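Visitor: I am attaching a structure below and will ask some questions about it afterwards.
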Amino acid sequence: MVTIMKKAIKVPSEIMLEVGGIVCEHQLTNEIVDVDEEDEIITLEIHYSKKDRAVIHEIEDLITDNGRLYEDEDEDDEVE
């Protein structure tokens, strides 16, 4: 049994392609759940397992390095 978590991450639009590349490279299930055109932020919900936590941290570091990190987290444990 694998525990799947989900996390909503607010991604500045200027680095969305880079974040999307990381998500695709690691084949993480994801969905765009909100777009804030005024602030140019895309909220991406990512589903991941414990083995993928480093990828989530990599994405968060990329956002932080870009100068913004939004703490709008939604972590739920689910069984898949």
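The values are calculated or read from the model by the stated rules, or taken from the named source; none is laboratory data. What you see is a predicted model, and the numbers here were worked out from it, not measured in a lab. No Cβ is skipped: glycine too gets one built from the backbone with ideal geometry, and neighbour counts run over all protein chains shown.
Visitor: Does the range 34-41 include one or more residues that are under 11 Å from the mean Cα position of the chain (by Cα) and either among the aliphatic types (A, V, I, L, M) or at negative phi (or both)?
Guide: Of the residues in the range 34-41, the ones under 11 Å from the mean Cα position of the chain (by Cα) are none.
No - not one qualifying residue is present in the range 34-41.
Visitor: Moving on to the next point. Out of the residues in the range 11-35 meeting the condition of being touching a helix residue (DSSP H, G or I) at 6+ places or on another chain (Cβ under 9 Å) and acidic (Asp, Glu), tell me which one is nearest to Asp65 (Cα to Cα).
Guide: Here the answer is Glu18.
Visitor: For a quick check of your reading of the model, give me the residue pairs whose first member lies in the range 1-25 and is within 20 Å of Asp36 (Cβ to Cβ) and part of a strand (DSSP E or B), whose second is modelled with pLDDT under 95 and among the charged types (D, E, K, R), with beta-carbon atoms closer than 6 Å and at least 6 apart or on different chains.
Guide: The qualifying pairs are Lys6/Asp76; Lys7/Glu73; Lys7/Glu75; Ala8/Asp72; Ala8/Asp74; Lys10/Asp72; Pro12/Arg68.
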